[in-house]
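These notes concern the structure reproduced below.
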Amino acid sequence: MNYTLEKKNSEAIFKFTLTHAEWETAVNNAYEKEKKKYSIPGFRKGKLPRKVIENYYGAGVFFDEAINICISEGYAKALTENKEIIPVDEPKVDVESLPSNEKEQLVFTVKVVTRPDIKLGEYKGLTIKGMSYTVSEKDIEREITALRERGSRKVAVTGRKVEKGDILNIDYSGSVEGKKFDGGTAEKQSLTIGSNSFIPGFEDGLIGAEIGQTLDIKVKFPDEYHSEELKGKDAVFTVTVNGIEIKELPELTDDFIKDVAPFETVEEFKKDLEAKLEENFRKRGETETETKLIDTIVAGCGVEIPSVMIDDETQGMLDEFAQRLQYMYGGMKIEDYLKAMQTTPEDFKKERRPEAEKMIKTRLVLQDIVKAEKIKVEQKDLEELIEKEAESAKQTTDEYLKKMPKERFMQLNSEILVKKLFDLLKKENTIEYKKSAAKETKEKAPTKTTKPKTTKKAE
């Protein structure tokens, strides 16, 4: 079996030719594989001679299976001999000719979309601005307020009008052009004024109202409202204020801290909170800096992503979103969600195509840098990481390995590879950090990392 290979952009075209003798071998192999399927009166099933079956069912009875055998063997052979070709889609086959005599040949082509070639740009010697965040008093106070709110209680208020921040209990009924609409009526509904959880203008219209008062509030549905029947329409809501409540926050005292956290005093709690925020901010800055560095590198690389790869990626996004819906919302189906949002799976995937294309390009570029730099995961790297995980789990390495799922080995391999890649990229590029005007952290970030001889600016 001979073949030729032609490459066009992200497509490989294999053209195979088989002699009549090779074709005859394939047909005979198809006969041996399928002869048990046929039965003819007067013959034992599975013992029928090939010629008898061909005479009874037609000369080409085994041709389809023979062609499948030739395609399967030929395609596998071609991929083995051309390891640089990585298919990203199912191959398309076209049979051009079948041999009808000893002089003719079987000719067929196999076309397959392949992983595109990447034109790596500069990934060393770049200069980027690093992201660095400092913990401020406002950050600490925000976390403390959130803690107090979790321990708050609602207190009924009387003798005054509705103010921003109040929690109201209301009945309401909405109408458009004098007609009520679906979903526009509710009783004993809780609404926090200023939460912006209702249509614009509704919450502001309740400020100044009194308990027991019924009033009409005129609003306009947004032009981008999810309901086609209501978008852009003027509406009137008749609202009755049943009650007013406010949140009463506990005082920040040592006793309060003892109840909600493992600390004796407010000061101890604040110090621990500051340390945790500093670590979170450090990780945030590091992640955003790494993302910025990768985006800069990828932007300088040339590649055209095949449409089929983007299709697969957006389908994966849809499938992942569907799983999250089921997990987070008690088994909600993606079909019900899309229907409620008045959209379709096709629109969902179309909207995410730019993001999918960027993700694929980034993945391919990083893979090629790993290959170019010959970054590998050594056995000792895996052993060290497994030992650390076993220690954290308070187990011996052998105990941990016995319970560790096989998929975890692949995850660890990937984690090590990514870390080595980022270590190399941060070492070979300059990252400049601006000094913050806010309160200094305990350890100042360096103004830059190792600087190569040649630098190229990349904002």
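One residue is enough: does segment 344-363 have a residue meeting the conditions part of a loop (DSSP other than H, G, I, E, B), of a type in the set (S, T, N, Q) and more than 19 Å from GLU290 (Cα to Cα)? There is at least one residue in segment 344-363 that is part of a loop (DSSP other than H, G, I, E, B), of a type in the set (S, T, N, Q) and more than 19 Å from GLU290 (Cα to Cα). Checked against (1) charged (D, E, K, R); (2) within 30 Å of LEU277 (Cβ to Cβ); (3) surrounded by 14 or more Cβ atoms within 10 Å (Cβ to Cβ), GLU149 passes all but a single condition, namely (3). Residues in segment 160-184 that are part of a loop (DSSP other than H, G, I, E, B) and small (Gly, Ala, Ser) were compared, and the one that is most open to solvent (accessible area, probe 1.4 Å) is GLY178.
What are the residue pairs meeting all of these: first residue in segment 151-178, first residue more than 16 Å from THR238 (Cβ to Cβ), second residue part of a loop (DSSP other than H, G, I, E, B) and acidic (Asp, Glu), Cβ atoms under 7 Å, and 6 or more apart or on different chains? Qualifying pairs under 7 Å: LYS161/GLU210.
Among the residues of segment 75-102, the ones that are open to solvent by less than 80 Å² (accessible area, probe 1.4 Å), out of contact with any helix residue (DSSP H, G or I) (no Cβ under 8 Å at 6 or more places or on another chain) and of a type in the set (S, T, N, Q) come to 2 in all. The residues of segment 251-290 that are hydroxyl-bearing (Ser, Thr, Tyr) and open to solvent by 70 Å² or more (accessible area, probe 1.4 Å) amount to a single one, THR287.
If you go through segment 37-74 and keep only what is of a type outside the set (Lys, Arg), within 29 Å of VAL107 (Cβ to Cβ), open to solvent by less than 80 Å² (accessible area, probe 1.4 Å) and not in a loop (DSSP other than H, G, I, E, B), you end up with ILE53, GLU54, PHE63, GLU65, ALA66, ILE67, ILE69, CYS70, ILE71, SER72, GLY74. Scanning segment 291-306 for residues that are open to solvent by 20 Å² or more (accessible area, probe 1.4 Å) and within 18 Å of the chain's Cα centre (by Cα) yields THR291, ASP295. Considering only residues in segment 364-378 that are assigned to a helix (DSSP H, G or I) and open to solvent by 70 Å² or more (accessible area, probe 1.4 Å), the one that is nearest to ASP295 (Cα to Cα) turns out to be GLN367. Applying the set (1) in a loop (DSSP other than H, G, I, E, B); (2) under 25 Å from ILE244 (Cα atoms); (3) at pLDDT 95 or above; (4) touching a helix residue (DSSP H, G or I) at 6+ places or on another chain (Cβ under 7 Å) to LYS124 leaves exactly one unmet item: (2).
The values are calculated or read from the model by the stated rules, or taken from the named source; none is laboratory data. As the structure is a computational prediction, the values presented were derived from the model and not from experiment. Note that each Cβ is placed from the backbone with ideal geometry, even for glycine, and that neighbours are counted across all protein chains shown. The accessibility values were calculated without ligands, DNA or RNA, using every heavy atom of the protein model including side chains. Shrake-Rupley method; radii C 1.70, N 1.55, O 1.52, S 1.80 Å.
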